[in-house]
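First comes the structure, then the notes that go with it.
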Amino acid sequence: MITYKHEKFIEKAINSVLEQQTDFDYELIIANDNSPDATHEIVKGIIKNHPKAYLIKYFNNPVNLGPNANYIKAYNSGTGKYIAICEGDDYWGDNLKLQKQVDFLEENPEYVLTYHDVKYVDENGLSLRNFSKGKAKKELKRIDLLKGKQPLFLTTCYRKLPIDIPKEMENIINGDTFLTSILGNYGKGKWLDIKPAYYRYHSGGIWSLKEKEYKFKAKIQLFSVLKSHYRSQGLQDLEDYFANQLFLYNKMLLMLYVKEKNYSGIKYALKNYLYLKF
């Protein structure tokens, strides 16, 4: 559970994890990225008073690392065979979530991750139907994962990688998509019938309310890193796929700047577009 400025939400997120019913041991790693609000005090209060606080491993970074570096730090501090994610402003809706996902992964070694449905809510927990994507795809093949076609990471439970998370992940915004692609090297993904988790859209969210320009630039950064990563691995098909995605998103960014008559943006995007094309 990575968290930053989640004082309004962190207690519900923690409780949704501590309410899990399992026949195996698990730990809740809370990685607070030096929140300037009351997140730290709330977490410390839960650790002091909650009857299942012994499951919590907590650290509060002395300086802000950024979400991906914070995630990698939390990941590396874990001892589990499987990883599940619930950021500090989201929460799970099924107290058998972990049991169901781990049971499936134990019985099906060809799968590297499982996932389930999600509901979108505002900061008060009210449903946002306009953001509903319906049911997730029932199965993701290895090539789907390799190409970064991901379920919402809030719903996933995946096998801990047999390698370290590549350092490139620290330098991009879409770390979950990058990690999905790396996981695709080790198996498939499966949807399970689990009660939905709850993903919050709010003004403090890292991704949910960002503008199109920001999102396009984040994708361009991601695809550039993945292209280079698979080139270094000698995987030409994947390098070519991400090169094509990189070209496509540069074109979309250029069209956005043209529509907005942003001339400095047009110059920036056109230079990249022509470089990639020729």
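The values are calculated or read from the model by the stated rules, or taken from the named source; none is laboratory data. Bear in mind the structure is a predicted one, so any value in this text is a computation, not a measurement. Note that we place each Cβ from the backbone using ideal geometry, even for glycine, and neighbour counts take in every protein chain shown. The protein model used for the area step is the full one, side chains on, heavy atoms only, and it has no ligands, DNA or RNA in it. Shrake-Rupley method; radii C 1.70, N 1.55, O 1.52, S 1.80 Å.
Tabulated values for the structure
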item: Residue satisfying condition, being within 21 Å of the chain's Cα centre (by Cα) and of a type in the set (Val, Ile, Thr), within set ILE42, ILE72, ILE47; result: ILE72
item: Per-region count, segment 14-24, residues loosely packed, with under 15 Cβ neighbours inside 10 Å and assigned to a loop (DSSP other than H, G, I, E, B); result: 5
item: Selected residue (criterion: nearest to PRO109 (Cα to Cα)) from residues of segment 182-197 that are among the basic types (Lys, Arg) and not in a loop (DSSP other than H, G, I, E, B); result: LYS188
item: Tally, over segment 42-60, of residues that are among the charged types (D, E, K, R) and either touching a residue at least 24 places away in the same chain (Cβ under 8 Å) or open to solvent by less than 30 Å² (accessible area, probe 1.4 Å) (or both); result: 2
item: The one condition in (1) in contact with a Ser or Thr (Cβ under 9 Å, 6 or more places away or on another chain); (2) surrounded by fewer than 18 Cβ atoms within 10 Å (Cβ to Cβ) that THR39 fails to fulfil; result: (2)
item: Count of segment 45-69 residues which are part of a helix (DSSP H, G or I), in contact with a strand residue (DSSP E or B) (Cβ under 8 Å, 6 or more places away or on another chain) and either on the phi > 0 side of the Ramachandran plot or at pLDDT 95 or above (or both); result: 3
item: Pair list, Cβ < 8 Å and 6+ apart or interchain, from segment 128-151 residues that are farther than 16 Å from LYS190 by Cα to residues that are open to solvent by 100 Å² or more (accessible area, probe 1.4 Å) and at pLDDT 65 or above; result: SER132/LYS119
item: Selected residue [modelled with pLDDT of 95 or more, farther than 17 Å from THR180 by Cβ and of a type in the set (Gly, Ala, Ser)] from GLY265, GLY234; result: GLY234
item: Residue within segment 242-251 that is in contact with a Gly (Cβ under 7 Å, 6 or more places away or on another chain), buried (at least 16 other Cβ atoms within 10 Å of the Cβ) and modelled with pLDDT of 95 or more present; result: no
item: Among the candidates GLU7, GLU11, GLU87, GLU27, residue that is loosely packed, with under 15 Cβ neighbours inside 10 Å and not polar (S, T, N, Q); result: GLU27
